[in-house]
Structures are given as structure tokens and as C-alpha cells.
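J.: Sharing a structure below in C-alpha cells format, with a few things to ask.
The values are calculated or read from the model by the stated rules, or taken from the named source; none is laboratory data. Here the structure is a predicted model, which means the values were calculated and not measured. Here Cβ is always computed from backbone atoms with ideal geometry, including for glycine, and neighbour counts include all displayed protein chains. Surface areas here come from the heavy atoms of the whole protein model, side chains and all, with no ligands, DNA or RNA. Shrake-Rupley method; radii C 1.70, N 1.55, O 1.52, S 1.80 Å.
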Amino acid sequence: FEALCLGSSAFWDWPRNLEDPAVAAVLRQYRHLLVRDMPLVESALLFPQTDHYLHPTRGFPQRYARLGARTRSLIHSDVVDERMIADGALERYRFLIHLEGSVFEAETLERIGAWVRRGGVLALLVERDLETVEGDAGLAAGLLGLDSVPLDGVPHGVGQGFVLAQRYEPEGEEEYLARLRGLLYRDPPTGMPARGLDTGNERVFGLLYPDGRAYLYNMDGAEQRVTVAGRCVAVPPAAIVGCGPLPL
């Protein structure tokens, strides 16, 4: 399923694994899925690259890892870091999801601000004021309209785009995920819901293709039931099932 999500052009495994009859059975079962097709991805998670570098003793950003994993049942997302943004990566996405990090390169903030003004939608989880490496907290506030609105999770317009900014509180993570679900699907400020699969079940991941093909992956050891396009789908333990084509 990971290979499908990445649109991989090849699949690699240890040779000794391929000699295992159980592994061979899995490959036979799913070999029809191992084609080079790129899935539909309209959102990206912003990795706090500079903030991470500036705090090496903290290790990998834990809130990013925890909440990033939880957003996977909401929507299939790529990951973009500041170098990728500098290379123009944001032009591929409609939604950018920020989960952690307060310090960014000025160029990153400027590019995100310009992307929002052209129609992008930014979901921002703010622990402290966003600032540049040089300590300028006014740049992000001005670019993203944060100097004139409360950080209450209500989307506000910035140019042709929107910013949902919510102050981070440990007990408020569920609220943020609920607001993120609304931003993507239920009440998108642009009027156009994200094209993705919200399984509503954190043990089941969804994958959608531009032609409407869709797959569900149950990573749990028990059968899971999810609702997709108004239809209840039973997904066997540790299995991938098709549930398309779906209307886009």
C-alpha cells in the first residue's frame, strides 16, 4: 500500500522474504495493483525543517509525527519541506497543513503567503508566533493576516485563499482535527471539497486516483467498517480492497 501511495516505479524487498510462501501469496493476491499510477494528492503536510535544525536535542518533531499520522485517515497527503517549497512544490497542492514549528526561513513564509494569496488553503496550528530565523514575527503575521484575527480556528480570507489558524493546546488536538476535516470536506471555504477519502477510522487509510479508482487499506488485525461515498464497506484484517470508481 505504501508503494501505491508513492506511485512507485518499482517494488523492493529482501530476497529471503520473497522465498516465504506467505509473502509470495500476498504478492500474488495484490500483483494487479502493482502498476505505476500516481494517486490524487491535493494536500501536503509542512515539515518544520528549520525549526527542527535549530533544536537538535528535541529529536524528530513529535507532534508532527503524532498528528501527521492521525491526519492520514482524513486525506492522503504528501510531505513538503522548506527546500521543496523553494523549488515551487506548493503549486501541486490546494491544501497545506501545518502541525508544528514556529521558526521558518523568510523565503518559506513569503512563498507560502504568495501561494495562499493565489488561492491556497493553509491550516495552521500555532504554538508561538511564527517568526523568521532572524526573529521577525511580523512577516508571517502580515503575509497570512494573523495580525488582525483571533487564532480561533475560523478560516479567514487572504487574497484569493484562506488561512485557518488555531492556537495549539494539548487538549485541543481533537478540535483541530475536527476543524481540519471541515476545512477539507464539510465546509471548505473555497466551496470545493478536497478530492480524497475521509475514512473516519484511524485504522483504515484511503487512496484515490484521478479516474475515480479507490482503495482502502485496513492496517488492523480485525475487520473494520468504513463509509465511503455513502456506502458501508467492510475491510478484512490487514487487507486492501477496492471501493471505486467514485465520483470526483
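J.: Give the residues of region 222-232 that are farther than 15 Å from ARG181 by Cβ and at pLDDT 95 or above, sorted by residue number.
T.: ALA222, GLU223, GLN224, ARG225 - these are the residues of region 222-232 that are farther than 15 Å from ARG181 by Cβ and at pLDDT 95 or above.
J.: Taking ILE97, is it touching an Asp or Glu at 6+ places or on another chain (Cβ under 8 Å), within 30 Å of ALA3 (Cα to Cα), among the β-branched types (Val, Ile, Thr) and touching a residue at least 60 places away in the same chain (Cβ under 8 Å)?
T.: Judged against the criteria, ILE97 is not a match.
J.: Name the one entry in LEU45, LEU40 that is outside any helix (DSSP H, G or I) and either among the polar types (S, T, N, Q) or open to solvent by less than 20 Å² (accessible area, probe 1.4 Å) (or both).
T.: Going through LEU45, LEU40 in turn, the sole match is LEU45.
J.: Give GLY200, GLY221 a once-over and let me know the one that is in contact with a Pro (Cβ under 7 Å, 6 or more places away or on another chain), open to solvent by 50 Å² or more (accessible area, probe 1.4 Å) and over 17 Å from LEU248 (Cβ atoms).
T.: Of the residues listed, the single one that is in contact with a Pro (Cβ under 7 Å, 6 or more places away or on another chain), open to solvent by 50 Å² or more (accessible area, probe 1.4 Å) and over 17 Å from LEU248 (Cβ atoms) is GLY221.
J.: Additional query: Is it fair to say TYR215 is open to solvent by less than 60 Å² (accessible area, probe 1.4 Å), at pLDDT 95 or above and out of contact with any strand residue (DSSP E or B) (no Cβ under 8 Å at 6 or more places or on another chain)?
T.: Judged against the criteria, TYR215 is not a match.
Listed here are the residues, each with its yes/no results for (1) in contact (Cβ under 8 Å) with a residue 12 or more places away in the chain; (2) of a type in the set (A, V, I, L, M); (3) open to solvent by less than 80 Å² (accessible area, probe 1.4 Å).
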| position | (1), (2), (3) |
| --- | --- |
| ASP152 | yes, no, yes |
| TYR176 | yes, no, yes |
| LEU180 | yes, yes, yes |
| ARG186 | no, no, no |
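This table checks each residue for (1) part of a loop (DSSP other than H, G, I, E, B); (2) more than 17 Å from the chain's Cα centre (by Cα).
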| position | (1), (2) |
| --- | --- |
| LEU177 | no, no |
| ARG181 | no, no |
| LEU184 | no, no |
| LEU216 | no, no |
| VAL241 | no, yes |
| GLY244 | yes, yes |
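J.: Right, next: In region 89-116, what residues are touching a strand residue (DSSP E or B) at 6+ places or on another chain (Cβ under 6 Å) and assigned to a helix (DSSP H, G or I)?
T.: Within region 89-116, ALA89, ALA106, VAL116 meet the criteria.
J.: May I ask you to list the residues in region 68-88 that are buried (at least 17 other Cβ atoms within 10 Å of the Cβ), hydrophobic (A, V, I, L, M, F, W, C) and in a helix (DSSP H, G or I)?
T.: Passing the criteria: MET84, ILE85.
J.: Only residues that are closer than 13 Å to VAL121 by Cα and open to solvent by 40 Å² or more (accessible area, probe 1.4 Å): list them for region 154-174, please.
T.: Correct list: VAL154, PRO155, GLY157, GLY159, GLN160, PHE162.
J.: If you go through region 21-31 one residue at a time, do you hit one that is aromatic (Phe, Trp, Tyr), surrounded by 13 or more Cβ atoms within 10 Å (Cβ to Cβ) and not in a helix (DSSP H, G or I)?
T.: The answer is no; no qualifying residue exists.
J.: What's the total number of residues in region 77-95 that are farther than 19 Å from LEU208 by Cβ and touching a Gly at 6+ places or on another chain (Cβ under 8 Å)?
T.: Count: 1.
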